[in-house]
Amino acid sequence: MSLIAIALILPGLFFLIVAAIGMLRLPDVFARSHALSLTDSLGAFLVLAGLAIYQGFSVNMLKILVVLALIYILNPVISHATIRAALRSGLKPWVREQP
Amino acid sequence: MTFFFLFILMIILAILILVYLYRVVQGPTVFDRVLGLNGISTKAIILLVVIGTVYQRTDLFVDISTGYALLNLIEALAIAKFLEQRGSA
């Protein structure tokens, strides 16, 4: 049980760290939303799945799975709503300068 | 050994919250701050579940994290709707 949980948590932690680096280094709010919505959702999915397996089969595992499904559905919804508001309020996307 | 691993996981999650907090304070537009708050709340939910696993009270802390996730949804959608109706950022 414990080894399966650690084998799920370590890749999830890798995805969370990659999402944080992308949040620091990407140039625009439209580019940062990719790092946040895609990578962060997968990292949270893997870490919470590892913690749910570590609990064993009980009510707590079911509760952690409910939180996992909630994050996995709601995180892209929030990112989509924020980016749609940014686009409709007239923010221009970042483009590379042509030489 | 597993307790030590979960302790290291808590420390890494706290450092990631500091990274997102830099984006919230520094962000050039309002939408950067909203995205940073979304990232902070995701890390806080995971941190609450890990704390519950460490202290053997998962039933208590998972309920708090469910409430935190729903509150995060309401807050982010309300801010997005407000900024979309207001026009220019």
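Just so you know, all these numbers are worked out from the coordinates, no wet-lab data involved. These numbers were taken from a predicted model, which means no experiment stands behind them. Glycine gets a Cβ as well: all are built from the backbone with ideal geometry, and neighbour counts include every protein chain shown.
The table below lists the values:
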{"read-out": "Over 25 Å [Cα-Cα, the protein assembly as shown], rounded percent", "value": "34"}
{"read-out": "Dipole of chain A [Lys/Arg +1, Asp/Glu -1 at C-beta], most positive-end residue of A:A31, A:P11, A:Q98", "value": "A:Q98"}
{"read-out": "For region A:24-41 and region B:56-83, distance of Cα centres in Å", "value": "21"}
{"read-out": "Region A:2-88 shape via C-alpha gyration tensor axes, a/c threshold 1.5", "value": "oblate"}
{"read-out": "Protection-proxy order for peptides A:38-51, B:9-22, each taking the mean of Cβ atoms within 10 Å per residue, highest first", "value": "A:38-51, B:9-22"}
{"read-out": "Interatomic Cα distance distribution for chain B, bins of 10 angstrom, percent", "value": "16, 38, 30, 13, 3, 0"}
{"read-out": "Residue-averaged 222 nm ellipticity for the protein assembly as shown, from DSSP H runs of 4+ at -39500 (n - 2.57), nearest 500", "value": "-29000 deg cm²/dmol"}
{"read-out": "Degrees between helix A:2-25 axis and first principal axis of chain A (Cα, 0 to 90, nearest 10)", "value": "10"}
{"read-out": "Gained length - B:V25 relative to B:F5, 0.36 nm times residue gap less alpha-carbon distance", "value": "4.1 nm"}
